[in-house]
Each structure stands twice: as C-alpha cells, then as structure tokens.
1. Condition check: surrounded by 15 or more Cβ atoms within 10 Å (Cβ to Cβ) and under 22 Å from V13 (Cα atoms). Does L74 satisfy that?
2. Can you name the residue in segment 24-58 that is β-branched (V, I, T) and closer than 13 Å to A77 by Cβ and is also surrounded by the fewest Cβ atoms within 10 Å (Cβ to Cβ) among such residues?
3. Among the residues of segment 34-52 satisfying the criterion of being within 27 Å of I69 (Cβ to Cβ) and assigned to a loop (DSSP other than H, G, I, E, B), which is modelled with the lowest pLDDT?
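The values are calculated or read from the model by the stated rules, or taken from the named source; none is laboratory data. Everything numeric here is computed off the predicted structure, so don't read it as measured data. Methodologically, a virtual Cβ is constructed for each residue, glycine included, from the backbone with ideal geometry; neighbour enumeration extends over all protein chains shown.
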Amino acid sequence: MTFSLFLHFDELVGALAATFTTIAFVPQAWLTWKTRRADGVSLGMYSIFTTGVALWFLYGMLIGAWPVIIANLLTLALALFILTMKLRFG
C-alpha cells in the first residue's frame, strides 16, 4: 500500500517543479509588457538563461522526455519574450 502511494511521487514532484519554475516568469513578462520598461532586467543574465533553457529544451527533445520538453518550451517562450522586451525597451 505504501509503495503504491509513492509510485508516481517523482513525477508529481517533477510536474510541480516545472509548473512553478515556468510560472515564475509570468509576473516579469507581464510587468515588462504593461510598463514597456525593462531597465531592471539584466541583459547578460537573460541571455545566458535563455541559452540554457534552449539547451534544456534540446536535451528533452534528444531523450524524448515530454515533461522536460513542455516545461522548457514554455519557459523559453517567456524568457525570449522578456529578452526581446529588454532589447526593445532597454
């Protein structure tokens, strides 16, 4: 009985981690869109981070891990949006 409770615990933890780390970018994206300002956003950090997320996405594709693919595709879209706003609005 105890074993069956923890059988998919790792998947639940992974899904929650992916959800929270992806959703974490929504407030920054919304604020940047709303104010049309990105002066508080670090260009270096977002450039490096976006590259890292793109590599995680590619890694997910290479190993066929859908949770990794979906989470990083969504995070990549948000990070690219914020990076684009930084380049456009400074």
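1. Spelling it out, L74 is indeed surrounded by 15 or more Cβ atoms within 10 Å (Cβ to Cβ) and under 22 Å from V13 (Cα atoms).
2. Taking the candidates together, the pick is V26.
3. Only one residue tops the list, namely V41.
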